[in-house]
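Worksheet: one structure, shown below.
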Amino acid sequence: MYRDTYSDLVRFLHRKVWDVDRAQDLAQEVFVRALDVDAANPRAWLFTVANNLARDEARAAVRRKRHLVLLKGEAEAAAAGHPDPHADSLEQRERMDAVKQSLDTLSEVDRTVLLLWDAGLNYDEIAEQTGLKKGAIGTTLARARKRLVAAYERLEGGHVARG
């Protein structure tokens with residue numbers, strides 16, 4: 001289960017907390033908690049716990065008034081092979097910041113459904129985690145994608161107009 005789920009879980013958590021090191025720590029915490037549980041659907045249980053830990057992490061970050069940051073690993077990966085790594089790094093950070101801001105405009109349900117789907121969960125697992133009916137997942141996912149794209153285009157359009 002660990003080998004099959006770890007990278008999806010870290011990706012899901014990273015898009016919740018925007019810090020790859022913290023996402024990896026939270027994923028480890030999820031698996032530690034899983035040692036004492038015999039869940040009927042272990043994958044869905046792992047993502048449920050991950051979602052709860054990420055929510056707690058976000059609340060703690062707001063209380064401490066610290067900013068969520070993008071990690072250097074994202075920028076370094078984007079800059080690999082580019083002749084001017086500083087320009088590419090800045091562009092990648094701006095793009096990732098726009099994605100983060102766009103995700104933040106979504107409702108908690110839309111954001112969670114979208115991130116769970118992106119992490120590789122199927123409709124049954126997403127329904128189990130979110131409490132939505134399986135038949136509503138496709139519609140919710142389609143609307144969440146539309147809203148995400150619209151929010152991103154608004155931000156990018158506004159950025160270009162100012163620039």
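What follows draws every value from the coordinates through simple rules; no lab data is involved. This one's a predicted model, so the numbers in the text were calculated from it and none came from an experiment. Reconstructed Cβ throughout: ideal geometry from the backbone, glycine too, with neighbour counts over all protein chains shown.
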- Message: How large is the direction-averaged shadow of the alpha-carbon convex hull of the range 99-149, in nm²?
- Response: 3.1 nm²
- Any aspartates and glutamates with Cα under 15 Å of the LYS134 Cα? List them, leaving off those in the same chain fewer than 8 positions away. ASP110, ASP124, GLU125
- Mean-position separation - Cα centroids, the range 88-123 and the range 1-64, in angstrom: 16 Å
- In this structure, the FRET efficiency calculated for ARG33 and GLU91 from their beta-carbon separation, with R0 = 41 Å, to the nearest 0.05, is 0.60
- Query: Listing LEU26, LEU90, LEU46, LEU155 from the residue with the fewest other Cβ atoms within 10 Å to the one with the most, what is the order?
  - Reply: LEU90, LEU155, LEU26, LEU46
